[in-house]
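J.: My questions all concern the structure below.
Read-outs throughout are calculated quantities, based only on the coordinates presented, and are distinct from any laboratory measurement. Note that the structure is predicted; figures quoted are calculated from it, not measured. Please note: Cβ atoms are built from the backbone with ideal geometry, for glycine as well, and neighbour counts cover all protein chains shown.
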Amino acid sequence: MSAATVPPGGGSPREAGPGGAGDDRVSDMGGPETELDEARIAALSAAAVDARQRAWAPYSRFQVGAALLCDDGTVVTGCNVENASYGLTVCAERTALLKAVSDGRRRFVAIAIATDMPEPATPCGMCRQAMAEFADDLPIYLVNPAGARRTFSLAALLPGAFKPEALLQWQAERAT
Ligand SMILES: [Zn+2]
């Protein structure tokens, strides 16, 4: 797998770094403890931009890269992988998530998602639900190669997510 590590961060300054053109970040984060410091955000964003170059998107030409930061510091990347049978297409975010889980990593700290849109694209609903299986909340950094960044949280992008706990509770009650 393609793995790299992000240097451990010190503090977690909120809204650090330049707020230049295109930097229309929306901060819906729960609190400072959930935010990464600027160096780690930059490294994660760069990994997502790099992963985007490996996208297999001959049909849509819409290349997406993702970089998922695991709690052990590992960064697992993913790109979208299209198929001539369109419905088989897998998004970059789920590629990264499935790679991580299949390698035994289930706890995540943040994800960066790269597209080349002036206003970096948000993850699709399917990917939001897939991430919600493993994280109640997660900082989501939407970036593009030009350096724009928008910041969201998973909880803000998918309110009322269907959680594994709900299914497990239903099954437990049904068994009694
Ligand atoms: Zn998706």
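J.: Got a number for residues in the stretch 158-176 being more than 17 Å from ARG106 (Cβ to Cβ) and not in a helix (DSSP H, G or I)? If you could, list the steps in order and put the result at the bottom.
T.: Pass one, the stretch 158-176, residues more than 17 Å from ARG106 (Cβ to Cβ): 158-160, 162, 166, 169-176.
Narrowing the set further to residues that are not in a helix (DSSP H, G or I) leaves 158-160, 162, 176.
Result for the stretch 158-176: 5.
J.: Turning to a different aspect of this structure: Find the residue count for the stretch 135-145, including only residues that are part of a loop (DSSP other than H, G, I, E, B) and within 15 Å of the ligand (Cβ to nearest atom). Before the answer, list the steps.
T.: Step one: filter the stretch 135-145 for residues part of a loop (DSSP other than H, G, I, E, B), giving 135-138, 144-145.
Those left that are additionally within 15 Å of the ligand (Cβ to nearest atom): 138.
Count: 1.
J.: Now, a different point. Return a yes/no flag: does the stretch 115-123 have any residue that is part of a helix (DSSP H, G or I), among the hydroxyl-bearing types (Ser, Thr, Tyr) and more than 11 Å from the chain's Cα centre (by Cα).
T.: Start the filter on the stretch 115-123 by keeping residues that are part of a helix (DSSP H, G or I), which leaves none.
Looking through the stretch 115-123, none of the residues is part of a helix (DSSP H, G or I), among the hydroxyl-bearing types (Ser, Thr, Tyr) and more than 11 Å from the chain's Cα centre (by Cα).
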